[in-house]
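A short write-up of the structure that comes next.
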Amino acid sequence: MLMDGCWTGPILDQHMHLDRSNRFLDAVLEFSRVGGTGIMLVHKPGFSSGLPIDLDGYRVAYSETLSMAEEARASGVNVGVVLGPHPVAWEHQIEPLGLARATELHLEAVGLALDHIEAGNAVCLGEVGRPHYAVSGETWEAANDMLREVMAMAAAVGTSVQLHVEDNGVTTCRELAALCDEAGLARDRAIRHYAPADVSADFTHGLAATVSVGSSSVETIADTAASANAPWGMETDFLDDPRRPGAVLGPKTVPKRTQQLCSALLEADWEEEEVINLMTKIHSDWPSRLYSIR
């Protein structure tokens, strides 16, 4: 599925948000026009419109994400749904609700998302995790205790999780791997979202990853892909938020980086069959393993 050095197979953006009040289907069509074939639509918390304060609020919010997925599929793009409560939403709710109630609500929302996954409405739990910014020691400890419980809940159902975490290099991966082991969740079922471009086993510690494919990512991916030991993929973390233009990557990025990675690997003397094999894993085989119950 390489033609003149270009990949002609499936192309999947593994972490994209959509917002009905912003670009929504225009963003999906932009992705499709440049070769994109599938997205993982990740539930977007309503930081501006108001966060849920009870489980009924989460039912409404999740229903909206599932509805947008159905409409996006009608455009001809494959859409999987990643459903769950955001860790930053939890941290924001500590002050109005108290730590105990905010945590209880978060875990209730995880349970609701897992119900949707078991029903076949969604394919992955996420994005869950811990705050990516400095918080108090008490909040950090509570976040890790909660994440360990979330991982155990996911493991009991047999689903993967997309993780929203801080960027502290290999230390973050090492800590997440330990949490997975404590919770009984296979490391390669824990997907580090917005991951650095180093996909080597030494860096990931066996965690799966969706790499934020910024302009400087291709060289590092090409240098480390041969030493990976866990599934990885590409993402934009497209926010569909006009108030934050340029905060993350646009819908056309994953198709563009896919072609650039093919070129970089061929220039690094990879055989065409090796490149085809890797692209098939990135955009088809590994996602099929990650985004299913087992």
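Considering (1) farther than 25 Å from Ser288 by Cα; (2) part of a loop (DSSP other than H, G, I, E, B), say which one Thr159 fails and leave the rest.
Thr159 satisfies all of (1) farther than 25 Å from Ser288 by Cα; (2) part of a loop (DSSP other than H, G, I, E, B) except (1).
Only residues in region 26-38 that are under 12 Å from Gln14 (Cβ atoms) count as the first member; pair them with residues that are at pLDDT 95 or above and not in a helix (DSSP H, G or I), Cβ under 6 angstrom, at least 6 apart or cross-chain, and list the lot.
Listed pairs, sorted by first residue: Gly36/Ile11; Gly38/Leu12; Gly38/Asn78.
Looking at region 99-140, which of the residues that are without any contact (Cβ under 8 Å) to a residue 40 or more places away in the chain, of a type in the set (Gly, Ala, Ser) and on the phi < 0 side of the Ramachandran plot is surrounded by the most Cβ atoms within 10 Å (Cβ to Cβ)? Give the steps one after another, and end with the answer.
From region 99-140, those without any contact (Cβ under 8 Å) to a residue 40 or more places away in the chain are 100-102, 104, 115, 119-120, 133-134, 136-138, 140; that's our starting set.
Still in the list and also of a type in the set (Gly, Ala, Ser): 100, 102, 119-120, 134, 136-137.
So of that shortlist, the ones also on the phi < 0 side of the Ramachandran plot come out as 100, 102, 119, 134, 136-137.
On the way: Ala100: 10, Ala102: 23, Ala119: 8, Ala134: 8, Ser136: 9, Gly137: 7.
It comes out as Ala102.
Listed residues Asp202, Asp181, Asp167; which is assigned to a loop (DSSP other than H, G, I, E, B) and acidic (Asp, Glu)?
Exactly one of Asp202, Asp181, Asp167 is assigned to a loop (DSSP other than H, G, I, E, B) and acidic (Asp, Glu), namely Asp167.
Step by step: first the residues of region 258-290, then only those that are touching a residue at least 24 places away in the same chain (Cβ under 8 Å) and charged (D, E, K, R), then the one that is farthest from Ala208 (Cα to Cα). Which residue is that? It would help to see each step written out before you state the result.
Here is the first cut: in region 258-290, the ones touching a residue at least 24 places away in the same chain (Cβ under 8 Å) are 258-266, 268, 272, 275-276, 278-284, 286-287, 289-290.
Restricting the remaining residues to those that are charged (D, E, K, R) gives 272, 281, 289.
Details: Glu272: 25, Lys281: 13, Arg289: 11 Å.
Within region 258-290, the match that is farthest from Ala208 (Cα to Cα) is Glu272.
Can you tell me which residues in region 25-38 are within 18 Å of the chain's Cα centre (by Cα) and not in a strand (DSSP E or B)?
If we filter region 25-38 for residues that are within 18 Å of the chain's Cα centre (by Cα), which is where we start, we get 27-28, 31, 36-38.
The answer is Ala27, Val28, Phe31, Gly36, Thr37.
Tell me which residues, restricted to region 93-118, are hydrophobic (A, V, I, L, M, F, W, C) and within 12 Å of Met146 (Cα to Cα). Working first, answer last.
Keep residues of region 93-118 that are hydrophobic (A, V, I, L, M, F, W, C), which gives 94, 97, 99-100, 102, 105, 107, 109-110, 112-114, 117.
If the condition is that a residue be hydrophobic (A, V, I, L, M, F, W, C) and within 12 Å of Met146 (Cα to Cα), then Leu99, Ala100, Ala102, Leu105, Leu107, Val110 are the ones that fit.
Looking at region 86-98, which of its residues are crowded, with 20+ Cβ neighbours inside 10 Å and in a loop (DSSP other than H, G, I, E, B)?
The answer is His86, and nothing else.
List every residue pair whose Cβ atoms sit under 6 Å apart, with the two residues 6 or more apart in sequence or on different chains, where the first one lies in region 209-234 and is closer than 16 Å to Asp13 by Cβ and the second, anywhere, is aromatic (Phe, Trp, Tyr) and surrounded by 24 or more Cβ atoms within 10 Å (Cβ to Cβ).
Close Cβ pairs satisfying both conditions: Ala209/Trp232.
Across region 120-170, what is the number of residues that are closer than 16 Å to Ile94 by Cβ and either of a type in the set (Lys, Arg) or in contact with a Phe, Trp or Tyr (Cβ under 6 Å, 6 or more places away or on another chain) (or both)?
1
Is region 180-187 home to any residue that is closer than 21 Å to Val88 by Cα, of a type in the set (Gly, Ala, Ser) and modelled with pLDDT of 95 or more? Let's see the steps before the verdict.
Taking region 180-187 first, the residues closer than 21 Å to Val88 by Cα are 180.
From what's left, of a type in the set (Gly, Ala, Ser): none.
The answer is no; no qualifying residue exists.
The values are calculated or read from the model by the stated rules, or taken from the named source; none is laboratory data. Note that the coordinates shown come from a computational prediction; the quantities given were computed from them, not determined experimentally. With ideal geometry, Cβ positions are generated from the backbone for all residues, glycine too; neighbour counts draw on all protein chains shown.
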